[in-house]
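The numbers here are math on the coordinates, done by the rules we state, and not lab data. In this text the structure is predicted, and so the values were computed from the model without any measurement. Cβ placement follows ideal geometry from the backbone for every residue including glycine, while neighbour counts extend to all protein chains displayed.
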Amino acid sequence: MTFKKLSISMSFAVFVMYGVLILSLFYFYNGSLFFDTLISERTLFSIRLSLFTATVATLVSVFCAVPSAYALSRFRFPGRQLIDTILELPMIVSPVALGAVVLIFFNTPPGVFLQERGVHFVFTIYGIFLAQFITTVGIAIRLIKAAMDEIPVRYEEVARTLGASPLKAFFTVTIPLSKKGIIAASILTWAKALGEFGATVTIAGSMAMKTETIPIAIFMRLASADIEGTAVLVLILITIGLGTLYGVRLLTRKTTSLT
Amino acid sequence: MPLIELKNIQKHVLKDINLIVRDKELLALVGPNGAGKTTILNIIAGLTDYKGEVLFDGNKMDHTPPHKRGVGYLFQDLALFPHLDVASNIAYGLRIQHYPEATIEGRVKELMDALHITRLEKRYPQSLSGGEKQRVAIARAIAPFQKILLLDEPTASLDIQTSKYLRMELCALLKKLEITAIFVMHDLLGAEEIADRIAILHKGTIEQISRPGDIFFNPRTRMVSEFIGMPNILDCNDCRVLSSGLIEVVSGNMTIVLPYEGSTIKKIAIPPHDIYISDTKPPGPALNRYRATVTEIVPLRSVVRIKVDINGNSLLTELSMEAFDEMDLDIGREVFVIIKLRRLRYVEEFDDYHK
């Protein structure tokens, strides 16, 4: 077998593995049960909660990520390397550990003060926002920085010589040129937030009809041996996730053809 | 009052640069790679920090950010905004500075007409040819009524013909709009065509700054002489007008026929690469062909410099290493020499340089 055939076979093997896993969900497929589970108030609540929290967390993440990514992409400043390394935290530390760190923080005096005088995060919907935010913001910065790195600084220099202040150059040149990259990064961030479980369950808990996002609903149904319900929720999550990634693919392809 | 003044500028390779660029002057910065030419432009534009002083019309600019300096900059890579069409690219500076829409429209149209790019108005940079991009970038750089324009190798990426044509056109436009311009070029011939003065830069130092003729006829340093190709300067003792725009000049015991409409030439410059050596008698008429004796052979890296004596006139010539090996030349050997001037550089009266 040639190396080419071997490598292609390996990619097919991985595909078959995932395919078989997804198909196995249909083993427990029961038409009426699927429909009942889908339109049940609890499922719809989970879907609504997940879409809402993931969207808010993504907006906040991207809002923080755009200027941070620009700074890391364009400027050399003390601590830059340190920040760049810390951004990897959500990727190298398990979300449960991140969630645990947040819980521990809320048990320190500043954390207690914040909870009492500010927003109460633990076991509330705000905890879901926080969990999704801390697990996605680093990734959002990394992805947007990659998009901005692709834009030569020269465009901003040209804008500067034509009378644009650094802020104007940022909004009239850098943002429009990295727009597609930022949108693609936002979609991936959103997908990551949507599927977030570890940090969410640690900070916000798993309370039915309160902090029950889709991944938490899956966990709860599985814990109560509701295999059919689990399969339905997993299928919903997979559909939303794959649909999103397909959208990103389309967007990235258009970006490539433009440049 | 000088429009641009650099005082004791230091940055990386640049060592204590002092330079005055006069109002409405076209100055060419010429020199080998790594001489610091582009760094000087970046300093004037305020795109890099530096030690020393930059003054525009006597006002210190050292703490003025690039967007407030009013300096247009044509970068070597042009960097046309890919998300804007040609008209919007040109209008960018005007829009960002909040000029009235009527002024913007008028200015964009005026520049598109002047640079013959009106038909490209709605096109995007990706679909333009190299020459078209160059024109759009020039229009964009001067659109916000800039009085200073910096150009980094403005025609380097174009073919010879397009490049020559665009250079002349650009030169005429800059003169018409009364813009002070500093060109960075590595090609001395191109610089000669457009510049009022040429500054030769080498390893961060300005070796010579003078009118193109002075550089050819009076190179002040060995580096400048080497850079301009060590031309042979011949004093002309006598001139005789031949028919149909030709003149025969006598220099020592040599006579050279040149295409020239006037009646007197005082000096001519002949670059070594315009003097050809042959070990056999070349066919054809005997015009500008001489018998000569090899007096000196200096092998360099890729060429061999050969000094020949023609009736008492000593001329420096160049041969490629391959040609030299084929000819088997030695000192004292008699050869045939042909002068074929690709460009006539001459002094008509003293201090009156032509090209």
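Can you tell me the FRET efficiency between residue A:248 and residue B:338 if r is taken as the Cβ-Cβ distance and R0 is 56 Å, rounded to the nearest 0.05? The calculated FRET efficiency here is 0.25.
Computed over chain A with a Gaussian network model linking Cα atoms closer than 10 Å, the most mobile of A:239, A:202, A:53 is A:239. For chain B, the longest principal axis of the Cα atoms and the long axis of helix B:130-142 meet at an angle of about 60 degrees.
The helix-based estimate of mean residue ellipticity at 222 nm for chain B, built from -39,500 (n - 2.57) per DSSP H run of four or more residues and divided by its residue count, is -7500 deg cm²/dmol to the nearest 500.
Dipole size in debye (nearest 20) for chain B around its Cα centre, Lys and Arg Cβ +1, Asp and Glu Cβ -1?
Taking the Cα centre of chain B as origin, the dipole is about 780 debye.
Taking θ as phi - 60° and the Karplus parameters 6.51, -1.76 and 1.60, the scalar couplings of the range B:60-65 work out to 5, 10, 4, 10, 8, x Hz in sequence order, x denoting glycine and proline. Along the axis of the charge dipole computed for the range A:34-149 (Cβ charges of +1 for Lys and Arg, -1 for Asp and Glu, origin at the Cα centre), the listed residues A:115, A:148, A:98 are led at the positive end by A:148.
Annotation: extensible slack from residue B:63 through residue B:280 equals 71.5 nm (criterion: 0.36 nm per residue apart, minus Cα-Cα distance). For the segment B:68-74, counting C-beta atoms of other chains within 10 Å of every residue's C-beta and taking the mean gives 3. Each helix, a run of at least 4 DSSP H residues, gives -39500 (n - 2.57); summed and divided by the residues of chain A, these come to -25500 deg cm²/dmol at 222 nm. Taking θ as phi - 60° and the Karplus parameters 6.51, -1.76 and 1.60, the scalar couplings of the range A:146-160 work out to 4, 5, 6, 4, 6, 8, x, 4, 3, 4, 5, 4, 4, 4, 4 Hz in sequence order, x denoting glycine and proline. Relative contact order for the range A:140-187: 55 percent, from Cα pairs under 8 Å spaced at least 6 residues apart, divided by residue count. Between B:75, B:87, B:102, the Cα set farthest toward the positive side of the dipole of the range B:36-186 (charges on each charged residue's Cβ, about the Cα centre) is that of B:102.
Taking the Cα centre of chain A as origin, sum charge times position over the Cβ atoms of Lys and Arg (+1) and Asp and Glu (-1), and report the length of that vector in debye to the nearest 20.
Details: 21 positive and 13 negative charges, 199 e Å.
For this selection, approximately 960 debye.
How high is the FRET efficiency between residue B:235 and residue B:10 when r is their beta carbon distance and R₀ equals 41 Å, given to the nearest 0.05? Given R0 = 41 Å and the Cβ-Cβ separation, E is 0.50.
Report note on the peptides B:142-152, B:285-295: ranked by the mean count of other C-beta atoms within 10 Å, highest first, their order is B:142-152, B:285-295.
Taking every alpha-carbon pair under 8 Å whose residues sit at least 6 apart, chain B reaches a relative contact order of 15 percent.
Going by C-beta contacts inside 10 Å, put A:112, B:86, A:20 in order with the fewest on the left. Mind dumping the intermediate values first?
Values: A:112 12, B:86 27, A:20 9.
Fewest to most other Cβ atoms nearby, the residues stand as A:20, A:112, B:86.
For the range B:82-187, the list of GluC sites (Glu not before Pro) that fall in a loop by DSSP and count at most 15 other C-beta atoms within 10 angstrom reads B:121, B:178. Beyond 31 Å between alpha-carbons counts as too far, so tell me which of B:15/B:68; B:11/B:147; A:145/A:210 fall in that bin. Check vs 31 Å cut-off fails for A:145/A:210. Electrostatic tally near residue A:232: other residues with Cβ closer than 13 Å to its Cβ, Lys and Arg +1, Asp and Glu -1, net -1. Lysine pair count for the range B:251-355 (Cα-Cα distance under 21 Å; residues 8 or more apart in sequence or on different chains): 9. Once the Cα atoms are used to define both axes, helix B:86-96 deviates from the longest principal axis of chain B by about 60 degrees.
Summarising the label geometry, the points placed 7 Å from Cα in the beta-carbon direction at residue B:53 and residue B:309 lie 5.6 nm from one another. Can you tell me the orientation of helix A:175-194 relative to chain A, as the angle in degrees between its alpha-carbon axis and the longest Cα principal axis, to the nearest 10? Approximately 20 degrees, to the nearest 10.
Label point of residue B:187 set 7 angstrom out along Cα-Cβ; within the range B:113-149, amide nitrogens under 20 Å from it belong to B:129-139.
If you put +1 on each Lys and Arg Cβ and -1 on each Asp and Glu Cβ, how big is the dipole of the range B:1-146 around its Cα centre, in Debye rounded to 20? Don't jump to the answer; show the numbers that get you there.
On the way: 19 positive and 16 negative charges, 40 e Å.
The dipole magnitude comes to about 200 debye.
Among A:162, A:25, a tally of other beta-carbon atoms within 10 Å of each Cβ gives an order, fewest to most, of A:25, A:162.
Projecting the Cα atoms of B:271, B:259, B:236 onto the charge dipole of the range B:140-290 (Cβ charges, centred on the Cα centre) puts B:236 farthest toward the positive pole.
Cross-link list B:7/B:37; A:5/A:192; B:51/B:175: which exceed 24 angstrom alpha carbon to alpha carbon? Please report the intermediate quantities before stating the final value.
Details: B:7/B:37 16 Å; A:5/A:192 33 Å; B:51/B:175 32 Å.
As for pairs spanning more than 24 Å Cα to Cα, those are A:5/A:192; B:51/B:175.
The alpha carbon centroids of the range B:88-117 and the range A:132-173 are separated by 26 Å.
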